[in-house]
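To start, the structure under review is shown below, and the notes come after it.
A short reminder: the numbers here are calculations on the coordinates, not readings from a lab. Computed from a predicted model, the values in this text were never measured in an experiment. Here Cβ is always computed from backbone atoms with ideal geometry, including for glycine, and neighbour counts include all displayed protein chains.
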Amino acid sequence: MQIIKREENLMDKFAEKIAKFTNSKYMRILTNGFMSVAAVSICGSIFSLLKSLPITAYQNFLTSSGLGDILAIPVAVCSDVIALYVVLSMGYNLAKEFGYKKPFAAAIVALGAFFVLTPFSASSYSVAEDGSYIVETVDNVLGTGITGALGARGIFLAIITGLLASRLYLFFIEKDIKIKLPDTVPDNVSGMFEMMIPGGLTFLAFLVVRWLCSLTPFGSAQTLIYTLLQLPLMSVGGGLFGALAYVTVAKFLWCFGVHGGMVAYSALAAVMSVANAANASAFAAGTAAPYPEWALTTSLMDFSVLPLAIAMLIVCKSDQYKALSKIALPTSIFNISEPLVFGIPIIMNVLICIPFVLLQPFNLLLTLLMIKIGVVAAPTGVAVSSVLPTPIALALINSSWTGAVWSIVLIIINVLIWIPFVKRLDNKALVQENATVTE
C-alpha cells in the first residue's frame, strides 16, 4: 500500500511540474503567440488544399488556366512573410499577459524594432579579370520565402524581437517615461503621444543592437540569430529527431494524465513554425518540402486511435468496450482521441500505453521508409487540417493517390498490432463483468 501511495505521489509531482512549465508566463506567451499565428496558417491551408487535389485533370486545368498561380498567392502571403505575423503576435500577447491595456501599441513597436534589425541593403563582391574587386550594392534585400528575412529564416529573430521589444516598451511605460497630456485630451490623441518616447527609446535600443551586430563577421542580427541559433536548432529539431520527439512525447505524457500535445507544442512551437512555414513556401514555389518529417506529423499524430477503435470493434466481447468502440469509431475517423483516452482509460494503463506511445514513431518511420524507397510519393509541403481523415490527409500531403493507399495499409498494420493488447484488456473486463453478474 505504501509503495502504491509513493508511486501516486511521484506521478502527481511529475504532473505538477509539467503543468507548472506549461503555465509559466513566457510559455503561455509563446503558446498563445503561435496559436494566434496558426489562424493565418489555417487560412493558407484552405488554398493549399485547393491547389493540391491529386486529380490529374484538375491539376492540368490549374496549369493551363493559370488558376494554380493565383491559388499560390494566399499560400505565399501566409508563409513567405510569416516572421511579420510572429513578431506582431509575440508583442501583442506579451503586452496582454503583463496586463497592458493597449497591447496593439506594443505589437506595433515590436514590429518596428524588427524592421530596425532587418537589413534593407547588402553588398556583394566579385573579382574582375584584372584582379580588382567589384562591389555591387543591392537595395531592398528583405526577401521572402524560405531564404528571406521575412519568411521562415526570420522566425527566431521575430520571436526574440517580439518578446524583448514589447517588454522594453512596457518597461518605459511602467517607469512613467512618457508625455503626459491633460485628461481633457481624447484618448486616441493622448495615446499617440504616450507611446512616442517609450517607442522611440525602444527603437534606439534596437538601433544600437543593429550597429553592434554590424561590427561582427555576421553583419546583421538576422544572419547572427539564424547562424548561431536557428540553424543549429533546426538541424537537430527540424529533422527526424525533432519530429520523433514531438509525436512520442505528446503521447507519452498523456499516459500520466498530462495533455501531451500542448506540452510538446509549447516546447517545439518555434521549430514547428519554421518547418511548416518553409514547407508551405516550398509548396507555393513548386519545390520539394525541406522538412518532410514535419509535413507528416499533423496527419500521423493521432493516427493510431482509428486502428484502436477498429481493433476494439473486432475483438471486444465485454459490454463496456463494445459500447465504447461504437461511440469512439466515428470520432476516431477524424483523429479525435479523447473518447478512447478517457473511456478506456489510457491514463496509467501500462498495457495500452505501450502501443499508444510506440506506434507514433513506428508509423512515422515506416512512412518515411516507404517514401525513400519510392513506394509513396514525397510530401509537397502543403498544410492540412489535423481532423481530416488520414487517407484524405495523406493523399493531399503527397498530392498523390499513393498517400491514400498507404494510409489504408498502415491502418491494417496498426489494427493487427493493437489486437493482442486489446484482447488482454477485454479479457480483464470480461472477468470483472462476470464476477459482478455472479454477485
Problem - Relative contact order (%) - region 249-438, alpha-carbon pairs under 8 angstrom, separation at least six - result: 28
Completion exercise
Each label sits 7 Å from Cα toward the beta-carbon; between Cys43 and Leu215 the label points are separated, in nm, by 4.2
Problem - Using θ = phi - 60° and Karplus 6.51 cos²θ - 1.76 cosθ + 1.60, couplings along region 273-282 (whole Hz; Gly, Pro as x) - result: 5, 4, 4, 5, 5, 5, 5, 5, 5, 5
Fill in the blank from the handout: Along region 205-220, Karplus-curve 3J(HN,Hα) (6.51, -1.76, 1.60; θ = phi - 60°) to the nearest Hz, with x for Gly and Pro, reads 4, 6, 5, 5, 4, 4, 5, 5, 5, 5, 7, 8, x, 6, x, 8
Problem - Net length gained if the chain between Ala285 and Ile333 were fully extended (0.36 nm per residue, minus Cα distance) - result: 14.1 nm
Fill in the blank from the handout: At q = 0.09, 0.20 Å⁻¹, the log10 of I(q)/I(0) for region 249-438 from a Debye sum over equal Cα scatterers comes to -0.35, -1.39
Handout entry: Segments 296-302, 60-66, 27-33, 325-331 sorted - mean Cβ within 10 Å per residue, highest first
Key = 296-302, 27-33, 325-331, 60-66
Handout entry: Segment Leu201-Ile70, extension gain: residue separation times 0.36 nm, minus the distance between their alpha carbons
Key = 42.9 nm
Exercise for the section: Order the peptides 70-76, 88-94, 166-172 from the highest to the lowest mean number of other Cβ atoms within 10 Å of their residues. Expected result: 88-94, 166-172, 70-76
Completion exercise
Sequence order, region 72-87: Karplus ³J(HN,Hα) from phi using 6.51 cos²θ - 1.76 cosθ + 1.60, θ = phi - 60°, Hz rounded, Gly and Pro as x, gives 6, 5, x, 5, 5, 4, 7, 9, 6, 10, 4, 4, 5, 5, 5, 5
Exercise for the section: Would you mind checking Lys51/Lys251; Lys25/Lys251; Lys25/Lys101; Lys322/Lys423; Lys51/Lys372 for any pair whose Cα atoms are more than 21 angstrom apart? Expected result: Lys51/Lys251; Lys25/Lys251; Lys51/Lys372
Handout entry: Burial ordering of Leu201, Leu394, fewest other beta-carbon atoms within 10 Å first
Key = Leu201, Leu394
Handout entry: Farthest toward positive dipole pole in region 249-438 [+1 Lys/Arg, -1 Asp/Glu at C-beta], among Leu369, Val384, Ala289
Key = Leu369
Exercise for the section: Would you mind checking which residues have amide H under 5 Å from Gly151's amide H? H placed 1.01 Å from N; only 5 or more apart, or other chain. Expected result: Ala83, Gly145
Problem - Cα gyration tensor shape of region 74-120, rounded if a/c is under 1.5, else prolate or oblate by comparing a/b with b/c - result: oblate
Handout entry: Per-pair calculated FRET efficiency, R0 = 45 Å: Ala435 and Leu228 via Cβ, rounded to 0.05
Key = 0.10
